[in-house]
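Some notes on the structure that comes next.
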Amino acid sequence: MQIGVYMKNPKKTRRSRAKKINRSRRGNMLVFLMLLLLGGFMLLPVVYTIVQAFKPMEELFLFPPRFTVVNPTVKNFKLIGQLINNLWVPFSRYLFNSVFVSVAGTAGNVIIASMAAYPLAKNNFPGKKLLFKIVMVALLFSGGVLGLAQYIIMAKLHMINTYWALILPSVATPMGLFLMKQFMEGISDSLLEAARIDGMKEFGIYWNIVMPNVKPAWLTMIIFAFQGMWAMTGGNFIYKEELKLLPTALAQIQSGGIARAGVSAAANLLMFLPPVAIFLITQSSIMETMAHAGIKE
Amino acid sequence: MKERTRTRLMWAYRVFFPKKAKRTRSLWVEIKMNRQNYLMLAPYFILFTLFTVIPVAVSLVLGFTYFNMLETPSFVGLSNYVSIFLNDEIFKIAVKNTFIFALITGPISYILCFILAWFINDLPKPLRTFMTLVFYAPSLSGNLYLIWQFIFSDDQYGLVNSFLMTFMDLGITKEPVKWFTDEKYIMIALIIVQLWLSLGAGFLALEAGFKTVDTSIYEAGAIDGIRNRFQELVYITLPAMKRQMLFAAVMQISSSFAVGNISVQLCGFPSTNYGGHTIMTHIHDYGTIRYDMGYACALSTLLLMMMLIMNKLITTVLVEKD
């Protein structure tokens, strides 16, 4: 929270600019050059996608391939509109599935993880340290290492081919709990004590006092949860076409092969926009939250 | 009714473990007092148990069985592990490639995260936001990385190939390089893509870490004779943000162990001569293609153990440095 104040305070900003005592001009040039180079590398695929999306058909197959577009066109985007009418299942269904799963999963993630984070951060009870330690170990199991075993469990619970299979595994993320807990530790105990004296129950304290105070943390969780769920294909857990998600629909559009290069770039570009928008909105909160993301030795 | 069962249980406990009895009662009282806390923890930990703890246990147990999803698993002892280590030639390739990813992209991406966060920290606000987005964009981009198929395309229409062939007439390549299908180049291409994708939560944590350092310490340091940005980094900034650095290290390394999906998407499955084969794709092979779940679970268990050991190593190395 201090950082937010620090940034909004013009006096301090000026001082931080004056502090550049240890910054030589040559060093600055070098830093600038490196950022330009690495930034170029990172941006290249994104820019190339944008360029491809606006290329007319004949430019997509130019030889030698050109990085730039000469006659930009929105034909590719229009073509998406036509192609989505040919899908197995109405496009609106895919869109609904993706939006529903991402929103429900993100909301569930934020609420359930922060509800568990509050007692872990602020209260003392038997088993607290053990529970948090287990979650910290789970933080290491990134990616789909557990995907296979999750599949077996979901098959046993008859969750395959339901929305549950998409939503539930993403709700209890170690990352969400970890970030929330770290951030909540910064809340002053006297605030909570005052609420307790006023007769508030723990859940009331969590919902009415803690949550409004950790807004940056849950905004950060929103972007982490959303970016993962939005890109999810549902792969192993969903076989019913009408429950599949947007990336699957787009894969169908792209399956036309090389001739659909422009369309597929356009589709990927459209998919890219929602997470970017959320990131930009939540950006300053993310910085505030991640400052707390440290592991004690 | 419930109360009675409980008292009976406690009575039995006291009879069998007389020494522990006193502690147990106070523990029970404590648990009861904290009922609200446990209720709040419940939804998370039920789901966490279901989708994280039990899967780990399932991988562990099924690793000792033969299981094809249809019949009940039959216990086969260590035979899965024996065939993994003794008979599975492709597993060796998978381990080699996984370690190449872990030992090359892990550290490089960590250093990249660090350097970029450090550089970005010096920029004025609007530019800093923009650059953060630029570097974090790949993590946000979902399936956008498939564009690398066109950049590293096998024919001369690929950006990299056409660049190599037109601008370097000096005989470097006359033929288009088959980036994703020639086993000599698969790993290079995949490492580049993986590096591009790898600036994630660790990067954001480091960037935030740089911002938390109190600026007045820098001023004090300058008076004490710190001359340039490197001295400032080594003597002031690094000690102040150890925790974020540890977090980022853990995130970067463990994610580089789990590379697999991009290999399947970009090189196809199986990749030429298993050139881009990792443990993750090996699990994918046995689990979702051959339905040999026991074998796949044994592989998962091994990968989990590698991740744990590697992280233990990192944390001890990073912590001991200071």
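The values are calculated or read from the model by the stated rules, or taken from the named source; none is laboratory data. Nothing here was measured: the structure is a model prediction, and the numbers come from that model. Cβ placement follows ideal geometry from the backbone for every residue including glycine, while neighbour counts extend to all protein chains displayed. Heads up: the accessible areas ignore ligands, DNA and RNA and are worked out on the full protein's heavy atoms, side chains in. Shrake-Rupley method; radii C 1.70, N 1.55, O 1.52, S 1.80 Å.
Quick notes on this one:
- Leading residue by the ranking (farthest from A:E59 (Cα to Cα)) among those in segment B:137-158 that are among the small types (G, A, S) and part of a helix (DSSP H, G or I): B:S139
- Scan segment A:34-64 for residues that are touching a residue at least 12 places away in the same chain (Cβ under 8 Å), open to solvent by less than 20 Å² (accessible area, probe 1.4 Å) and more than 23 Å from B:L164 (Cβ to Cβ) and the total you get is 2.
- Matching helices (runs of 4 or more DSSP H) fully within segment A:135-230 where at least 3 residues are more than 30 Å from A:F272 (Cα to Cα) and over 24 Å from the mean Cα position of the chain (by Cα): A:147-156, A:189-197
- Some residue of segment B:83-106 being of a type in the set (D, E), without any contact (Cβ under 8 Å) to a residue 12 or more places away in the chain and over 18 Å from A:F279 (Cβ atoms): yes
- Cβ pairs under 8 Å, 6+ apart, first in segment B:33-45 and within 19 Å of A:L168 (Cα to Cα), second open to solvent by 30 Å² or more (accessible area, probe 1.4 Å) and assigned to a helix (DSSP H, G or I): B:L39/A:F203; B:M40/A:F203; B:L41/A:L131; B:P43/A:I112; B:Y44/A:I112; B:F45/A:L131
- Some residue of segment A:132-139 being modelled with pLDDT under 95, more than 7 Å from chain B (Cβ to nearest Cβ), open to solvent by 20 Å² or more (accessible area, probe 1.4 Å) and under 11 Å from B:N37 (Cα atoms): no
- Matching entry among B:L308, B:L313 (being under 30 Å from A:Q150 (Cβ atoms), within 9 Å of chain A (Cβ to nearest Cβ) and either in contact with an Asp or Glu (Cβ under 8 Å, 6 or more places away or on another chain) or free of Cβ contacts under 8 Å to residues at least 12 places away in the same chain (or both)): B:L308
- Residue that is nearest to A:M211 (Cα to Cα) [pool: residues in segment A:70-122 that are open to solvent by 40 Å² or more (accessible area, probe 1.4 Å) and assigned to a loop (DSSP other than H, G, I, E, B)]: A:P90
- Odd one out for B:D169 among (1) in a loop (DSSP other than H, G, I, E, B); (2) modelled with pLDDT of 85 or more; (3) surrounded by fewer than 23 Cβ atoms within 10 Å (Cβ to Cβ): (2)
- Taking (1) touching a helix residue (DSSP H, G or I) at 6+ places or on another chain (Cβ under 6 Å); (2) at pLDDT 90 or above; (3) open to solvent by less than 10 Å² (accessible area, probe 1.4 Å) in turn, B:I151 satisfies each apart from (2).
- Output for segment B:281-297, where each listed residue is more than 15 Å from B:A94 (Cα to Cα) and open to solvent by 30 Å² or more (accessible area, probe 1.4 Å): B:T288, B:I289, B:R290, B:Y291, B:D292
- Test: residue in segment B:83-97 that is more than 10 Å from chain A (Cβ to nearest Cβ), of a type outside the set (S, T, N, Q), out of contact with any Leu (no Cβ under 6 Å at 6 or more places or on another chain) and not in a helix (DSSP H, G or I): yes
- Residue in segment B:62-70 that is at pLDDT 75 or above, assigned to a helix (DSSP H, G or I) and surrounded by 11 or more Cβ atoms within 10 Å (Cβ to Cβ) present: yes
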